[in-house]
Structure formats: structure tokens, C-alpha cells
Amino acid sequence: MTAAVALPGRPAEMLERLKANPKLPLMLAGAALAAAIAVGVLWSRSPDYKVLYSNLSERDGGAVLQSLQQMNVPYKFAEGGGAVMVPAEKVHETRLRLASQGLPKSGTAGMELMDNQKFGISQFAEQVNYQRGLEGELARSIESIAAVQSARVHLAIPKPTLFVRERQKPTASIVLQLYPGRAIDEGQVAAIGHLVSSSVPELTPKSISIVDQHGNLLSNTGNERMLDATQLKYVQALEQNYLKRIEAILTPIVGKDNVRAQVTADVDFSIVEHTDESYKPNQDPTHTAIRSQQTSESTQQGATPPGGVPGALSNQPPAAAAAPVTTPQTPRAGQAPGQAGAPAAGQPGQAAQGATSTASSGPSSNRRDSTVNYELDRSVRHVQQAPGGVRRLSVAVVVNYRQQADAKGKLVAEPLPPALLAQIQNLTKEAMGFSADRGDSINVVNSQFTTEREKAEPELPLWKQPDMIELGKTLAGYLLLALLAMFAWFKVARPILRRYTTPPLPAPEARDETEAVLLPPEEPASPEILRLAAKYESDLALVRDAAQRDPRLVASVIKNWIANDNR
């Protein structure tokens, strides 16, 4: 036992050294305070870091770090390693120096490609650079959307040609890299398609294919006729509107929670354009508007009517005469046959008068042509039907029985009278805008609502309820942890602390046999007994030391003890 007490461990030796030298703790505390002050000063003087580049690829990140090490620029990574940070006063300088080295390389290039055009570049290379710049600018615009992390745009722009049959329309393909946990709806996909189509001439939204990083096709190419989210929302809102109108008009009659209605709307989202042009026959010319009128009239008098022998002989020239031709003189009109021949000399006036009368009495012809154009009775009708029209409505209404008190005062459910059901049906038709031509249907049923609740299951005892079982398991776990902690404290930690914190016993002097034997050898020494034994030995040594230095004082003290005992 004495040997075990006399062999203290290292912690005990350190504790004794600290007790022997009281200045050492003060020195340690001063050193710790100085270190804390130095750390605070260095931290306050540390440079403020800002982001140099973020979302770099592994290849670009390694190249950027290598360049920063060559330029002796301090850097560190942001939380998560998503950005490279450098001192704030060196951000712009470092970016310019890295840009001169062409870093980072994976960034999308825009129209700045057209700034450094070489002299004598071919038209093909110039067109390629323009297309690359346009793709980069479109990718930057798409990346400004909150849900898009990165984007790639591929444009297929055909060469212009003069032949109509060989002309091709441009197309585009877009690959979107979305942020983790983000998604875009159909409206945003359509907006991206319209953005790209508006930037390229003759490019339509139907010619654009949009794909996400998982290979899912986001754009609708137009080959499939399907409803989008906007159309479905419109149908649901339309049905809810009819439902609210029906319930609002029937609730005051049958009471709240006594009517249930469902509406199904068949909505036509097709866009129809129809043009009609019809002509009607003219009814009454006197009441018809005249567009134009033309009249021509011709008169002919005194003309010699055509004569001769009909046939081929009259069209042939006469034969050569064989003898002198003597023409008999024919009498003129108005003369006797005997007076035929040339007029006598001295009568010219009579000859002229005879010719005039012959001309005036010749044949005459009149001709009159008239053309009248009337306005046509024509009607042209161009009808464009907007999408979203209701083609058919189907309404189902269920009305609860009426609660009335019987002779005993007990509420009894009774069906509604037929007249009231007819009124409810008519009101429902008016509320929904019933149209037989459209093919609407309505069905009103009077039935008793189920109000009886299912029989509750027998309540479980408290100790069988699942919540109580879970609570018991939790408390049992906490209790087990507490027991383990108490065992570790009382059986492991506390004895060790007492062993190393108990002061060592002084060197044993000549003691009596009765003092040397404190405990029987067969009984184990507990830490408490060892502590009391050490205290006893320490007090006894102090008393002995005082008796050796001042025996008179010890003798006077003993005399006082004896005097007090006698009293």
C-alpha cells in the first residue's frame, strides 16, 4: 500500500511542480494571452479575398491555379470549392493577366470574335466566326435565366441561293445544363425558343429543339397535338367558375353543404379561319344599281343595195368583147320611156333635180346597240375562331334530402318535392348557360347524404398506443445513456481523478509498530482510507516538526488541553 501511494504518475508530478513554482501558471497565462493578441492582429491584417472565377471546369481550374502560382498570387477556395478567390486588390489585375494567356478557355465567346479579324480573311472564315459569335451571345442570354446553369447553342444556317426549290430554312439545337434541384416549365422553354428564333432570320420556333442535361426533350416540335400546362389550367379554371356559379345559386335554397356539383367542359383549342364568298341572282332590274351603261346608234340612207346574179358567175371577170358595145338608153325615174336619153341642152337644173330625188328615195338602214352592266349581289365573310371556345358542358348536381321535424320533434330526412327539383334544374341551366344546340347535358339527383360515421375502433390502452411505445423507446435510450455515463464517472473517471489529485505521503520516519499498521493486510485499501491516512501522516509530521523547533510552545498547549479537560 505504501509503495502504491509513493509512486505518483506524471500528472501528479506536473501538479506538484506547479504547486512548488507558483510563478509558472502566471507565465503560461501571459504566453497564451500574447499568442491570442498576435493571432488577432494577424487576422485583422489578413487581406480581403474576393471571387476571381466561379464554376470553372477541372481543366480550366488547374490551368488557372498553375498560372496563379507562377505569378506568386495568393489564392484560396470558397466553401464547397466552387470558386477561386484572390486578394481584393488583385482581382482585376489577375483577370487581365490571365486573359492575356487565354484563360479560362471554356468560356463562351461572343461577338468579340469579330474584333480581331485578320486582314485578308476568307468569306467562309468570316461567316463561321459570325455564326460562332451569334451562338455565344445566345448562350449568354439563355444563361441569364435563373434555373439555367450553362447553355450551348448550335445553329444550322444554310447558304443563300437564288433557286427557290433549293432554299432551306435554318434550324437550331439548344442544350441546357440546369442547376441541381431546379426545373423550368413549358412557358420558359417556349420563351427560350422565341428568343432564339427572333435572333436568326427566317428561323421559326418549331425548328428549334431544346434538350436538358439528361437528354429529355423539352420543346414541342409541333408534330404532336397535345395540351400544354396553360391550356389545362384554363380548362380547370373554366370548370371551377361554372361550379362556383351553380353552388352559389343553389346554396340559399337547399342550405350550405347540401349540394354537390361537378362540371366537365369540352374546350376547343383549335384555331379555325373560314372565308365565304357568295353570289345571289338579280331580282328586279329596276331596283338594281347600274354599274355601267353603253348605247351606240347608226343610220344609213341612199346606199345602193347589193345586186347581181348570185353564184360564181358574178364573181368572175367578164369575157373580152367581140363587137362594139352599144348600151341602150334607159329612161330615168320619173320619165316616160320615150323621153329616155341624155337631157337636152339648156336644162341642167332639171337633170340635177332628178338625181337628188333618186338619192333621197333610195333604201335606208338604222342600227342601235345598248349594253347595261348591273352591280353583282356578292357577300364576302371572313371568320377567325379564337381558341378556347366551349363545345359542350356536362353538369352533375346532387342535392341532399331536406331535414324536417316529425310529430315527436325528431329530425327526419325527406326527399324534395318534384316542383322544387324542377326549379333547381332550371336554375342550374341558367347558371351554366345551357344550350341544347351545343349538346349540353345536365343531371340533377336528389339523394340523402351519408352522415353516419364509421364506428370508431376500440381505443387502445395507453401502453399499447404507437405514440406511447415510441416515447418509451426514446426514454429508454436516454436512460441507458445516463446509466452508462454514471458508470463511467463513478467507476472509471472519479477513481482516476482521485488517484492523481491526492497529495503524496511524506517520507516515513521511525514509527511505532502500532502506527505502521493502519489496516489489516487482508483488507483492500480504498482511496478514501488512503487519503485519510495521508492526511494523518501529514498532520503528524507537522506536529513533530513544531515540537522539535519550539518544545515550550508544545508543552504549554498540552498543559492547556489538560486544564480544559479537568474543568
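The values are calculated or read from the model by the stated rules, or taken from the named source; none is laboratory data. Just so we're clear, the structure is a prediction, and the values are computed from it rather than from any experiment. Every residue, glycine among them, receives a Cβ derived from its backbone with ideal geometry; neighbour counts consider all protein chains shown. These accessible areas exclude ligands, DNA and RNA; they are computed on the full protein's heavy atoms, side chains included. Shrake-Rupley method; radii C 1.70, N 1.55, O 1.52, S 1.80 Å.
Contact annotation: residue pairs with Cβ atoms under 8 Å, 6 or more positions apart or on different chains, pairing a residue in segment 270-281 that is farther than 12 Å from Arg381 by Cβ with a partner that is open to solvent by 90 Å² or more (accessible area, probe 1.4 Å), are Ile271/Gln384; Val272/Gln384; Tyr279/Leu376; Tyr279/Arg378; Lys280/Arg378.
Going through Asp212, Asp266 one at a time, which residue ends up being of a type in the set (Asp, Glu), open to solvent by 30 Å² or more (accessible area, probe 1.4 Å) and either farther than 24 Å from Gly439 by Cβ or not assigned by the TED database to the domain that holds Glu137 (or both)? So that I can check it myself, show each step before the final result.
Working: Asp212 fails: open to solvent by 30 Å² or more (accessible area, probe 1.4 Å).
On inspection, the qualifying residue turns out to be Asp266.
Could you grab me the full set of residues in segment 379-438 that are of a type in the set (Val, Ile, Thr) and surrounded by 15 or more Cβ atoms within 10 Å (Cβ to Cβ)? Once the filter is applied, which keeps residues that are of a type in the set (Val, Ile, Thr) and surrounded by 15 or more Cβ atoms within 10 Å (Cβ to Cβ), segment 379-438 yields Val390, Val395, Val397, Val398, Val399, Ile424, Thr428. Would you confirm whether any residue within segment 178-187 is free of Cβ contacts under 8 Å to residues at least 12 places away in the same chain and under 34 Å from the mean Cα position of the chain (by Cα)? Yes, segment 178-187 contains a residue that is free of Cβ contacts under 8 Å to residues at least 12 places away in the same chain and under 34 Å from the mean Cα position of the chain (by Cα).
Mind counting the residues in segment 520-551 that are under 18 Å from Pro495 (Cβ atoms) and either at pLDDT 75 or above or not acidic (Asp, Glu) (or both)?
Kept after step one, since they are under 18 Å from Pro495 (Cβ atoms), are these residues of segment 520-551: 523-534.
Add one more test, that the residue is either at pLDDT 75 or above or not acidic (Asp, Glu) (or both), and what stays is 524-527, 529-534.
Qualifying residue count for the region: 10.
Filtering segment 285-300 to residues that are within 22 Å of Asp377 (Cβ to Cβ) and either at pLDDT 75 or above or open to solvent by 100 Å² or more (accessible area, probe 1.4 Å) (or both) leaves Thr286, His287, Ile290, Arg291, Ser292, Gln293, Gln294.
Residues are listed down the side, and each one gets a yes or a no for (1) assigned to a loop (DSSP other than H, G, I, E, B); (2) surrounded by fewer than 16 Cβ atoms within 10 Å (Cβ to Cβ):
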{"residue": "Gly120", "(1), (2)": "yes, yes"}
{"residue": "Ala125", "(1), (2)": "no, yes"}
{"residue": "Glu137", "(1), (2)": "no, no"}
{"residue": "Ile142", "(1), (2)": "no, no"}
{"residue": "Gln149", "(1), (2)": "no, yes"}
{"residue": "Glu166", "(1), (2)": "yes, yes"}
{"residue": "Val175", "(1), (2)": "no, no"}
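Counting the residues of segment 392-415 that are at pLDDT 90 or above and of a type in the set (A, V, I, L, M) gives 6.
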